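Right, one structure below, let's go through it.
The values are calculated or read from the model by the stated rules, or taken from the named source; none is laboratory data. Remember, predicted model here, so these are calculated numbers, not experimental data. Cβ placement follows ideal geometry from the backbone for every residue including glycine, while neighbour counts extend to all protein chains displayed. We work out accessible area using only protein heavy atoms, side chains counted, and drop any ligands, DNA or RNA first. Shrake-Rupley method; radii C 1.70, N 1.55, O 1.52, S 1.80 Å.
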Amino acid sequence: ACFLAFALDCGALTAAKADEYVRRVWRGLREAAGAQTAHQQSEDPARRFVELLGAALTSGSAHVATAEGRRPENAGVWGWRENEMGQWEPKSMRIGWLDGDDLCLEPEAAYKAAQSMATDGSGIGVRQTTLWKRLNERGDLTATDKKRETLKVRRTIEGVKRPVIQM
């Protein structure tokens, strides 16, 4: 603004040309802000974790079972694979369980599975505790333990009480 005022005062620019420059500058700033927003979203550790976890399940590098330890409906979506005899079986590490609409993740296994999918070296970029906080801030966690002040909840899975991240 100061430069344009100076350019107008000394006659180096017309008012129309100064207005054009202002419009171009603001357009450029909006484009840069949009690109920065897209970049920040792609670097969001919580979003990255969810994407990588999805890739682990889709590729069969990880799987989830029901809370009873059985094959879930739509087993292929949850990392199970059909064998030569037409039976569904897990062929990878279990990272969690489905309990109704909730996905209960075993924290260590889920984090490890997601990290292992980041073949480009980018990974998740934060430690587990920070990741769980970010997932909670995004509203991805469906339950937390307010009494114990932790983001992990205790759920009975396959007959055993386990601390899980519930999404």
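Numbers below:
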{"read-out": "Accessible area of the stretch 96-147 belonging to carbon and sulfur atoms, whole % at 1.4 Å probe", "value": "44 percent"}
{"read-out": "Evaluated at q = 0.15, 0.23, 0.28, 0.29 Å⁻¹: base-10 log I(q)/I(0), Debye formula over Cα of the stretch 64-107", "value": "-0.33, -0.73, -1.02, -1.07"}
{"read-out": "In range of the label at R70: residues from the stretch 97-118 whose backbone nitrogen is under 16 Å from the point 7 Å along Cα→Cβ", "value": "97-101"}
{"read-out": "Angle between the chain longest axis and helix 128-137 axis [Cα atoms, degrees, rounded to 10]", "value": "70 degrees"}
{"read-out": "Amide H contacts under 5 Å for D99, placed H, 5+ residues apart", "value": "C104"}
{"read-out": "Degrees between helix 45-59 axis and first principal axis of the chain (Cα, 0 to 90, nearest 10)", "value": "50 degrees"}
{"read-out": "Other-chain or far-sequence residues with amide H under 5 Å of K152's (modelled H)", "value": "D145"}
{"read-out": "Dipole of the stretch 47-120, positive end: most advanced residue of L52, G76, W88 [Cβ charges, Cα centre]", "value": "L52"}
{"read-out": "Pair F3, E89: separation of 7 Å Cα→Cβ label points (nm)", "value": "6.9 nm"}
{"read-out": "3J(HN,Hα) from dihedral phi, the stretch 71-85, Karplus parametrisation 6.51/-1.76/1.60, rounded to Hz, x for glycine, proline", "value": "5, x, 4, 6, 3, x, 5, 9, x, 7, 10, 7, 8, 4, 9"}
{"read-out": "T144 paired with T58, simple spin-label distance in nm, labels 7 Å along Cα-to-beta-carbon", "value": "3.0 nm"}
{"read-out": "Phi to ³J(HN,Hα) by Karplus 6.51 cos²θ - 1.76 cosθ + 1.60 over the stretch 18-24, Hz, x for Gly, Pro", "value": "5, 4, 4, 4, 4, 4, 5"}
{"read-out": "Cut-off under 5 Å, modelled amide H: who pairs with I157 long-range", "value": "R162"}
{"read-out": "Scaled radius of gyration (Cα, divided by 2.2 N^0.38 Å) that the stretch 6-102 gives", "value": "2.16"}
{"read-out": "Max mean-square fluctuation residue, GNM over the chain, Cα-Cα springs under 10 Å, options K112, K146, K91", "value": "K146"}
{"read-out": "Total charge dipole magnitude, the stretch 1-159, about the Cα centre, Cβ charges on Lys, Arg, Asp, Glu only, Debye to nearest 20", "value": "420 debye"}
{"read-out": "Helix axis angle, 107-117 relative to the chain longest principal axis, alpha carbon, degrees", "value": "60 degrees"}
{"read-out": "Calculated from backbone phi, Karplus (6.51, -1.76, 1.60) coupling profile of the stretch 153-167 in Hz, x at Gly/Pro", "value": "10, 8, 10, 7, 10, 6, x, 10, 6, 10, x, 10, 9, 9, 10"}
{"read-out": "Alpha-carbon radius of gyration plus Dmax, which is the widest Cα pair, for the chain in Å", "value": "24.8, 86"}
